[in-house]
Amino acid sequence: MTQNVDADKTKSRALREWIAEIARLTTPDRIVWCDGSEDERRRLTAMAVQAGTLIPLSQQKKPGSFLHRSNPNDVARTEQLTFICTPNKDDAGPTNNWSPPDETYAKLRGWLKNSMRGRTMYVVPYVMGPIGSPFSKVGVEITDSIYVVLNMRIMTRMGSAALAMLGDSDDFCRGVHCTLDVNPDRRLICHFPQDNAIWSVGSGYGGNALLSKKCFALRIASWQGRSEGWLAEHMLILGMRSPSGETRYVAAAFPSACGKTNLAMLTPPSDLSGWKVFTVGDDIAWLRVGSDGRLWAVNPENGYFGVAPGTNAHSNPNAMAMVGHDTIFTNVAMTPDGDVWWEGMDTAPPVNLLDWQGRPWHQESNDKAAHPNSRFTTPMTNNPALSPHVNDPEGVPISAIVFGGRRATTMPLVLESENWAHGVYMGATMGSETTAAAAGAVGVVRRDPMAMLPFCGYNMGDYFAHWLKMQSAIKHPPRIFMVNWFRKDRDGKFLWPGYGENMRVLKWMLDRIDGRAGATDTPVGRVPRLDDLDLQGLELPGDQLREDLAIKKDEWSAEIESASNFFEKFGGTMPPELREKHRGLAQSLNSAHL
Ligand code: SAT
Ligand code: MN
């Protein structure tokens, strides 16, 4: 057993002491510091293959790629087991699970005692944000999972660069991850924002185990953002280059598994010739006010952890290209010739398919071949649409913020806010039908403010106040919009074709900002009229689009009622400005003739 930490690994005494402390607790057989090198990747991959953690795919069909099958009890984030641990319960707020730090540490220490005996403890230093950016932050994840190390290597800027950035500082996010025996009874994901620390136990899956992602870059970072005056958001960032060569940037928040990755790397329809979309990020944005008074965004991540099912040459051709090599697939189905398959791939399922658990699968089977939350982990450099500005230290300037959800009714295709406060209200009241990204029922509408309900590391009432307060710091605020690609007609058919055609909606937003496109006022915001949208070459019956843009009084009355109930939860922490906005909207809706 090795417990002495090589002094030559890091200049940070705080890091050495912390590693030694966790090693004393977990008593691993050995400690391995990850350097992020290609050689290390090869070595760890070979070990993972040997252990059966990774299954090599056909090197002709998917060069450099592997399949991982997770424990069937461990296939999505577990929100009921995710906790914010602050001394004061109110700091976590009514929408987070809370537990007191001392008790929680004691319980976790009990579980972790000698937990890495016979195992290797990997020390994974990583940077969130571009190397060399003053806005980037260092994290270190201790883990006993090679799968986690190999994923972290794709998802973050991992290894020596992070130790170089840390130097002798003690300012890093301390992440302890131990898979234990993947037993749901001993599974907890705990955040200690005051200690800049995360302890995740008993799960090896995605957002539960890759601590850089939801745990650090959203829950802990949102806490830091509040005290440091910036925003950590569950948003994609995309650039749109117009035919005249100008690029504008949009940040957009949607709940997990609502097509953020597809939107972030959208291919514009050929009718909108000369337009091109570039991806800056597909999941998380750190937003700060620049010296020019605009809002600037960086993507803290280095790769994509995208939902596989539904990804195909039509929904996301760029994603299909990027997962063609050097990708780790989790819980997808495998073909007999060593390729991958999932529902919605647009090719018939091959015979002799193995399902996500490695069992023979037949077309008559009622079960899905790929798990609905099966994923690909791909480096962002694989993305043909990657923005050339993804590593810019200051980020990219944001012209528009978009909030969106998955709603079968009520929400029009697009809605423009009157001003920042109204936009914050739109975000705060956003709702969406639940998806497979989190364990639990699928398809139920829940309020998911700014798509941050599962990811805000503090009281959401205070979070709304922080959003409102940001306005005074942003001299040139982005315009805020709401979108819904998922509205359905009476027969349950989608009213809008979605995917690449969503470009038409984004284009309308830019045209609005530049004063080139019209809109009509409704009591709940501005919507385009049919001829305000660029519909060139799109075959869509006018009535269908009108239905998609309609604001219906009965639906909105129900919406406002349900938002009231949600607001009630927050009691005194709900900013009066939002309550006021809410009352105003309810009144104008009441007196409107729609
Ligand atoms: O499992 S993750 O949290 O990383 C993915 C998601 O929910 O968006
Ligand atoms: Mn997400």
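The values are calculated or read from the model by the stated rules, or taken from the named source; none is laboratory data. As the structure is a computational prediction, the values presented were derived from the model and not from experiment. Backbone-built Cβ (ideal geometry, glycine too); neighbour counts: all protein chains shown.
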(message) Looking at the structure I just gave you, is residue 454 surrounded by fewer than 22 Cβ atoms within 10 Å (Cβ to Cβ), within 18 Å of residue 428 (Cβ to Cβ), within 16 Å of ligand 2 (Cβ to nearest atom) and at pLDDT 95 or above?
(response) yes
(request) Kindly check whether there is at least one residue in region 273-280 that is among the polar types (S, T, N, Q), in a loop (DSSP other than H, G, I, E, B), away from ligand 2 (no atom under 16 Å from the Cβ) and surrounded by fewer than 22 Cβ atoms within 10 Å (Cβ to Cβ). (result) yes
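Residue 188 - would you say it is over 23 Å from residue 463 (Cα atoms), more than 15 Å from ligand 2 (Cβ to nearest atom) and modelled with pLDDT of 95 or more?
yes
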(message) Six or more apart or on different chains, Cβ atoms under 8 Å: show the pairs whose first residue is in region 361-382 and without any contact (Cβ under 8 Å) to a residue 24 or more places away in the chain and whose second is aromatic (Phe, Trp, Tyr) and more than 16 Å from ligand 2 (Cβ to nearest atom).
(response) 367/361
(message) So in region 242-298, with the set limited to residues that are within 16 Å of ligand 1 (Cβ to nearest atom) and of a type in the set (D, E, K, R), which one is farthest from residue 136 (Cα to Cα)?
(response) 260
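Condition test on residue 504, is it assigned to a helix (DSSP H, G or I), at pLDDT 95 or above and in the same structural domain as residue 478 (by TED's automatic domain parsing)?
Values: assigned to a helix (DSSP H, G or I): yes; at pLDDT 95 or above: yes; in the same structural domain as residue 478 (by TED's automatic domain parsing): yes.
Yes: the conditions hold for residue 504.
Kindly indicate which of 390, 340 is more than 17 Å from residue 279 (Cβ to Cβ), of a type in the set (Val, Ile, Thr) and surrounded by 16 or more Cβ atoms within 10 Å (Cβ to Cβ).
Details: 390 fails: more than 17 Å from residue 279 (Cβ to Cβ).
That would be 340, the only listed residue that is more than 17 Å from residue 279 (Cβ to Cβ), of a type in the set (Val, Ile, Thr) and surrounded by 16 or more Cβ atoms within 10 Å (Cβ to Cβ).
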(message) Could you list, ordered by first residue, the pairs with Cβ atoms under 7 Å in which the first is in region 551-572 and under 18 Å from residue 413 (Cα atoms) and in contact (Cβ under 8 Å) with a residue 12 or more places away in the chain and the second is part of a loop (DSSP other than H, G, I, E, B) and among the hydroxyl-bearing types (Ser, Thr, Tyr), at least 6 apart or interchain?
(response) 555/409; 555/410; 556/410; 559/410
(message) Out of the helices (runs of 4 or more DSSP H) lying entirely within region 80-160, which hold 1 or more residues that are of a type in the set (A, V, I, L, M, F, W, C) and over 26 Å from the mean Cα position of the chain (by Cα)?
(response) 101-112
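Name every residue in region 314-330 that is surrounded by 24 or more Cβ atoms within 10 Å (Cβ to Cβ) and either more than 12 Å from residue 62 (Cα to Cα) or of a type in the set (A, V, I, L, M) (or both), in order of residue number.
316, 319, 322, 323, 328, 330
Could you go through region 166-188 and let me know if any residue there is charged (D, E, K, R), within 17 Å of residue 71 (Cα to Cα) and within 16 Å of ligand 1 (Cβ to nearest atom). Step through it out loud before you land on a result.
At the first step, the residues of region 166-188 found to be charged (D, E, K, R) are 168, 170-171, 174, 181, 185-187.
Remaining after also requiring within 17 Å of residue 71 (Cα to Cα): 181, 185-187.
When the remaining residues are screened for being within 16 Å of ligand 1 (Cβ to nearest atom), the result is 187.
Scanning region 166-188, I find at least one residue that is charged (D, E, K, R), within 17 Å of residue 71 (Cα to Cα) and within 16 Å of ligand 1 (Cβ to nearest atom), so the answer is yes.
Of the residues 230, 275, 286, 199, which single one is within 14 Å of the chain's Cα centre (by Cα) and modelled with pLDDT of 95 or more? Explain how you work it out, then say what you get.
On the way: 230 fails: within 14 Å of the chain's Cα centre (by Cα); 275 fails: within 14 Å of the chain's Cα centre (by Cα); 199 fails: within 14 Å of the chain's Cα centre (by Cα).
Just a single option satisfies the conditions, and that option is 286.
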(message) Considering only residues that are outside any loop (DSSP other than H, G, I, E, B), in contact with a Phe, Trp or Tyr (Cβ under 6 Å, 6 or more places away or on another chain) and more than 19 Å from residue 550 (Cα to Cα), which ones fall in region 575-594?
(response) 578, 581
(request) Name every residue in region 364-395 that is out of contact with any Lys or Arg (no Cβ under 9 Å at 6 or more places or on another chain) and within 18 Å of residue 246 (Cβ to Cβ), in order of residue number. (result) 387, 388, 389, 392
(request) Specify which of the listed residues (381, 335, 327) is more than 16 Å from ligand 1 (Cβ to nearest atom), modelled with pLDDT of 95 or more, among the β-branched types (Val, Ile, Thr) and under 22 Å from the mean Cα position of the chain (by Cα). (result) 381
(request) May I ask you to list the residues in region 48-81 that are within 17 Å of residue 332 (Cβ to Cβ) and among the basic types (Lys, Arg)? (result) 61, 62, 69
(request) Give the residue that is modelled with the highest pLDDT, with candidates limited to residues of region 431-449 that are under 16 Å from residue 253 (Cα atoms) and touching a helix residue (DSSP H, G or I) at 6+ places or on another chain (Cβ under 6 Å). (result) 449
(request) Mind telling me which of the residues 316, 312, 331 ends up being over 30 Å from residue 137 (Cα atoms), free of Cβ contacts under 8 Å to residues at least 60 places away in the same chain and not small (Gly, Ala, Ser)? (result) 312
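Could you please let me know if residue 221 is among the small types (Gly, Ala, Ser), part of a loop (DSSP other than H, G, I, E, B) and either outside the structural domain of residue 442 (by TED's automatic domain parsing) or buried (at least 20 other Cβ atoms within 10 Å of the Cβ) (or both)? I'd like the intermediate steps shown before the answer.
On the way: among the small types (Gly, Ala, Ser): yes; part of a loop (DSSP other than H, G, I, E, B): no; either outside the structural domain of residue 442 (by TED's automatic domain parsing) or buried (at least 20 other Cβ atoms within 10 Å of the Cβ) (or both): yes.
For residue 221, the condition - among the small types (Gly, Ala, Ser), part of a loop (DSSP other than H, G, I, E, B) and either outside the structural domain of residue 442 (by TED's automatic domain parsing) or buried (at least 20 other Cβ atoms within 10 Å of the Cβ) (or both) - is not met.
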